[in-house]
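The values are calculated or read from the model by the stated rules, or taken from the named source; none is laboratory data. Since we're looking at a predicted model, the values are computed, not measured. No Cβ is skipped: glycine too gets one built from the backbone with ideal geometry, and neighbour counts run over all protein chains shown. Just so you know, the surface numbers come from the protein's heavy atoms only, side chains and all, with ligands and any DNA or RNA stripped out. Shrake-Rupley method; radii C 1.70, N 1.55, O 1.52, S 1.80 Å.
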Amino acid sequence: MTKYLISFPSAAMDLSGEDLRAVSEESHAVVQEAKDAGVWVFGGGIDESVPPVIVDAEGTVTEGTYPQTKELEGGYAVLELPSREAALEWAAKIAASCRCAQEVRAFQYDPAS
């Protein structure tokens, strides 16, 4: 089984308050479906009110982030699935509930995880 990251940036969800309520209900239903199917590993949205920091090997904390991840925000789900095709099917369900396209990436195999 491979773990897949299914994600979207915050800007992809441009919704009114009424639509946001429906999206919340529908996306929670998809999360529950994934949990019931036994494929849910983890998910959530990045709290954009908390600024990112970088911590080096000595424990020094620096405000900010790597330049290439400056715009890292939005929603994320990690699912453990038998195939890429299954990941694409789950991404379509998430996309329908969130009203925005989803990016799908596979994690490299790690026997310790």
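Below are the figures for this structure:
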item	result
Long-range Cα-Cα pairs in the chain (distance over 16 Å), rounded percent	64
Net length gained if the chain between residue 83 and residue 95 were fully extended (0.36 nm per residue, minus Cα distance)	2.5 nm
Highest-first arrangement of 88-97, 9-18, where packing means the average Cβ count within 10 Å	88-97, 9-18
Peptides ranked, highest mean first, by Cβ atoms within 10 Å: ranges 102-113, 29-40, 71-82	71-82, 29-40, 102-113
Of all accessible heavy-atom area on the chain, the percent that carbon and sulfur account for (1.4 Å)	54
Expected 222 nm ellipticity per residue - DSSP helices of 4 or more, -39500 (n - 2.57), all of the chain, to 500	-11000 deg cm²/dmol
Residue-normalised accessible area of the chain, given per residue in Å² at a 1.4 Å probe	70
